[in-house]
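To keep things clear, I will list the structure first and then write my remarks on it.
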């Protein structure tokens, strides 16, 4: 009996000691991040059947259980992703908002200074000092726009660098989780609870960077960790490797990809979530859009000023030259097209109507079977803006949203390729001064558009014109042809071109829009002479007056007055905005996005706090509760010790009785 009593006391002593160990472990880790409270599950030992009755044999610790709720843990993981995505977006937008706000005031101020100098010159059109002031202010506008572009491009590079560093940390976390899985698997009988806590902490840190889904195996093992839209980062004891690769077709649009050792497969960044998703979204939706908007503003401003310059006479009596670099410079036209790797196609994009320009990338799908060429183009919103089929032998000219796309050739048939069209992406970088002399400013106007005109087309004389005098260019009432009358009302013979580019017999009316935007007069031998340039965009019944071979008029400021109108005239965004309005709208949009990110961050913080509190209520250590347990198990330990003392005393008594 004494021996049984001694065994029971020893089991109680061991059980109480383990309970005290677990309780002490909880108290020691009360401030350990990610620690889950543990509790020892105590059970009664198997009873013995003696003399027709069952007698207990003590107790034992069956398991040390970790306080864990997978639903609460999953909620915390998801809220962690949302919170860090919101915080990262807000931090990036705060920097952008401050930059855009400060830069907008500088850019708008420089443009207003330019217009003020034009107004001053209009009072004294021949004053060289006033002319130099116009050139200086024009150069300041160009420099400010260039600086804005450089800063935004620098932000794009910074995001790309941060993506690399963040992906490296994600790879490290994946490797650490795989290593923990291996340790857990190699020690099936060992203490796993602390390893599980470490594992969950790593998963929660990983959730800061991207969406995480954990598929648990038996014994709560994080057997599979999936990130983003379904890419497996960890499978058992193996971890995949993420990398950042150059974008296709734009290397600066770097992509996150999974590297299997042979190939790098890009991931869908839109579904990454977390800090990675915030950075990719900020680069695409804010930085690149801002670069496009600055480019659209630069192209619109430079293009319109250049057009007005060419519609007038300079101080030497010659046709005005471009104030800024030609927006349709051959190199600029080529750089607006990004070809797929390996493509032998050749195409250029000219800006035909700045008022219709839109921001964002266009996707042009071009296919050919050698007989016909098919084209389909979508804007940044995914809306179809062009769908056209042209015989392969005909000129390949496409027009959409203020662009004229000239396809010189496609890849050898059969081919099916997609090109990225960016009409304004590099506009801010390409803006530069062209006029260098004060005499280059064209103050006298030789082109006048009728006040009743509804279209957006521009007429200008060409230096190759061989005639002089006043001429009226009129668009037909159907809008598909034009005619030219001299100052006596006599129709002028014009040379039109068919779809194959072949010259047609002289006629007093030719198709509109005109081929390559040039109106050819017929000379005495009926040869075509490039005389006028008329862009697309004219409406039915629009008309223009032009004075060819005009002589300089002292004090004529008509062209300067026309240039002043650009300051407030709604010549951009399909007639809804002025050039200055574009920058103000960009500033407002970035500010709104910042406010929305801040509000989303506040909501995400509430969700995160609630999830954290729920996990803490399940897994957190309560010091009051642990102190009570400590006293309880201490008393049980002392009582078990007393049982052993009684057993010893009983055994001694039996020995003395023998």
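The values are calculated or read from the model by the stated rules, or taken from the named source; none is laboratory data. As the structure is a computational prediction, the values presented were derived from the model and not from experiment. Here the Cβ positions follow ideal geometry from the backbone for every residue, glycine too, while neighbour counts run over all protein chains shown.
Miscellaneous remarks
- Evaluating residue 448 against the criteria (1) surrounded by fewer than 20 Cβ atoms within 10 Å (Cβ to Cβ); (2) in a loop (DSSP other than H, G, I, E, B) leaves one unmet condition, (2).
- Looking across segment 362-384, the residues that are closer than 28 Å to residue 296 by Cβ and surrounded by fewer than 17 Cβ atoms within 10 Å (Cβ to Cβ) come down to 363, 365, 376, 380, 381, 382, 383, 384.
- Out of 138, 122, 104, one residue alone is under 21 Å from residue 589 (Cβ atoms), assigned to a helix (DSSP H, G or I), touching a helix residue (DSSP H, G or I) at 6+ places or on another chain (Cβ under 9 Å) and in contact (Cβ under 8 Å) with a residue 40 or more places away in the chain. It is 104.
- Strands (runs of 3 or more DSSP E) fully within segment 206-282 that include at least 3 residues being within 17 Å of residue 164 (Cα to Cα) and without any contact (Cβ under 8 Å) to a residue 60 or more places away in the chain: 255-259, 264-266.
- Check on residue 466, modelled with pLDDT under 95, farther than 23 Å from residue 343 by Cα, out of contact with any helix residue (DSSP H, G or I) (no Cβ under 7 Å at 6 or more places or on another chain) and not in a helix (DSSP H, G or I): yes
- The requirement of being surrounded by 20 or more Cβ atoms within 10 Å (Cβ to Cβ), at positive phi, modelled with pLDDT under 95 and under 29 Å from the mean Cα position of the chain (by Cα) is satisfied by residue 273.
- Here residue 501 clears all of (1) part of a strand (DSSP E or B); (2) in contact with a helix residue (DSSP H, G or I) (Cβ under 9 Å, 6 or more places away or on another chain) except the condition numbered (1).
So that you can scan it fast, the table gives a plain yes or no per residue for (1) out of contact with any helix residue (DSSP H, G or I) (no Cβ under 6 Å at 6 or more places or on another chain); (2) modelled with pLDDT of 85 or more; (3) over 28 Å from residue 38 (Cβ atoms):
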site	(1), (2), (3)
590	no, yes, yes
608	no, yes, no
635	yes, yes, no
656	yes, no, yes
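- Verdict on residue 305 being in a helix (DSSP H, G or I), assigned by TED's automatic domain parsing to the domain that holds residue 158 and surrounded by fewer than 24 Cβ atoms within 10 Å (Cβ to Cβ): no
- Residue list for segment 560-618, filter: under 18 Å from residue 297 (Cβ atoms), over 24 Å from the mean Cα position of the chain (by Cα), assigned to a helix (DSSP H, G or I) and without any contact (Cβ under 8 Å) to a residue 40 or more places away in the chain: 565
- Flag for residue 34 being out of contact with any strand residue (DSSP E or B) (no Cβ under 6 Å at 6 or more places or on another chain) and modelled with pLDDT under 85: no
- Entry remark, segment 309-332: residues being surrounded by fewer than 22 Cβ atoms within 10 Å (Cβ to Cβ) and either without any contact (Cβ under 8 Å) to a residue 60 or more places away in the chain or touching a helix residue (DSSP H, G or I) at 6+ places or on another chain (Cβ under 8 Å) (or both) number 13 in total.
Residue by residue, here is whether (1) in contact with a strand residue (DSSP E or B) (Cβ under 6 Å, 6 or more places away or on another chain); (2) free of Cβ contacts under 8 Å to residues at least 24 places away in the same chain; (3) not in a helix (DSSP H, G or I) holds:
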{"position": "380", "(1), (2), (3)": "no, yes, yes"}
{"position": "386", "(1), (2), (3)": "yes, yes, yes"}
{"position": "389", "(1), (2), (3)": "yes, yes, yes"}
{"position": "399", "(1), (2), (3)": "no, no, yes"}
{"position": "408", "(1), (2), (3)": "yes, no, yes"}
{"position": "412", "(1), (2), (3)": "no, no, yes"}
{"position": "442", "(1), (2), (3)": "yes, no, yes"}
{"position": "453", "(1), (2), (3)": "no, no, yes"}
{"position": "472", "(1), (2), (3)": "yes, no, yes"}
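- Search result, residues across segment 621-640 that are in a loop (DSSP other than H, G, I, E, B) and either touching a strand residue (DSSP E or B) at 6+ places or on another chain (Cβ under 9 Å) or surrounded by 15 or more Cβ atoms within 10 Å (Cβ to Cβ) (or both): 621
- Check on residue 102, under 23 Å from the mean Cα position of the chain (by Cα) and either farther than 30 Å from residue 253 by Cβ or surrounded by 15 or more Cβ atoms within 10 Å (Cβ to Cβ) (or both): no
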